[in-house]
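The values are calculated or read from the model by the stated rules, or taken from the named source; none is laboratory data. Bear in mind that the values here come from a model prediction, so they are computed numbers and not experimental data. As a convention, Cβ positions derive from the backbone with ideal geometry for all residues, glycine included, and neighbour counts pool all protein chains shown.
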Amino acid sequence: MGSAITTIILLVISNVFMTFAWYGHLKLQSTGLSANWPLYVVILFSWGIALLEYCFQVPANRIGFEGNGGPYSLMQLKVMQEVVALVVFVIFSLVAFDSFELRWNHWLAMLLLVGSVYLVFMK
């Protein structure tokens, strides 16, 4: 598998962990599972998940970075990561939270981010 595809796969996996670290505790709270956890426990729980995120994010950047022989510039890596994060967040939110809805302005914002990927890959 090439470094371009490996980088993207690692970014997706990383962002799944990131989304669970940043927003998963809210779902746990709404189910009552962590409703009585002190804030420091929630932080440590999220930090543990975020450590797994870093285990995929750092290799994605090292493999994908053109300075290490990868195909992507720093800006391309960052913009791709943001779009992947948004896609993972939307899927997670639609599945985990009944109250989450996408409105026209959300769709437009996502379209603009996808446009940023196009722009960042232009020569």
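Considering only the range 38-60, state which residues are farther than 22 Å from Phe92 by Cα and either among the charged types (D, E, K, R) or touching a residue at least 24 places away in the same chain (Cβ under 8 Å) (or both).
Pro59
Looking at the range 90-121, which of its residues are assigned to a helix (DSSP H, G or I) and over 22 Å from Met18 (Cβ atoms)?
Trp104, Asn105, Trp107, Leu108, Leu111, Gly115, Tyr118, Leu119
Name the residue, out of Trp47, Trp37, that is surrounded by 13 or more Cβ atoms within 10 Å (Cβ to Cβ) and aromatic (Phe, Trp, Tyr).
Every option except Trp37 fails the conditions.
When you go through (1) assigned to a loop (DSSP other than H, G, I, E, B); (2) of a type in the set (A, V, I, L, M); (3) in contact (Cβ under 8 Å) with a residue 60 or more places away in the chain one by one for Ala35, which number turns out not to apply?
Condition not satisfied by Ala35: (3).
Given the conditions (1) in a helix (DSSP H, G or I); (2) free of Cβ contacts under 8 Å to residues at least 12 places away in the same chain; (3) more than 19 Å from Gln81 (Cβ to Cβ); (4) among the hydrophobic types (A, V, I, L, M, F, W, C), and given that Ile5 satisfies all but one, which numbered condition is not satisfied?
Looking at each condition in turn, Ile5 falls short on (3).
Looking only at the range 63-77, count every residue that is surrounded by fewer than 14 Cβ atoms within 10 Å (Cβ to Cβ) and not in a loop (DSSP other than H, G, I, E, B) and tell me the total.
Of the residues in that region, 5 qualify.
Please determine, by comparing only the residues of the range 82-123 that are hydroxyl-bearing (Ser, Thr, Tyr) and surrounded by 10 or more Cβ atoms within 10 Å (Cβ to Cβ), which one is nearest to the chain's Cα centre (by Cα).
Only one residue tops the list, namely Ser93.
Do the conditions hold for Ser46, that is, is it at pLDDT below 95, more than 30 Å from Phe121 (Cβ to Cβ) and in a helix (DSSP H, G or I)?
yes
Taking the condition closer than 26 Å to Phe121 by Cα and of a type in the set (Gly, Ala, Ser), does Gly32 pass?
no
Go through the range 4-21 and give me each residue that's surrounded by fewer than 17 Cβ atoms within 10 Å (Cβ to Cβ) and of a type outside the set (Val, Ile, Thr).
Within the range 4-21, just Ala4 meets the criteria.
Tell me, please, whether a residue that is touching a residue at least 60 places away in the same chain (Cβ under 8 Å) and at positive phi can be found in the range 89-104.
no
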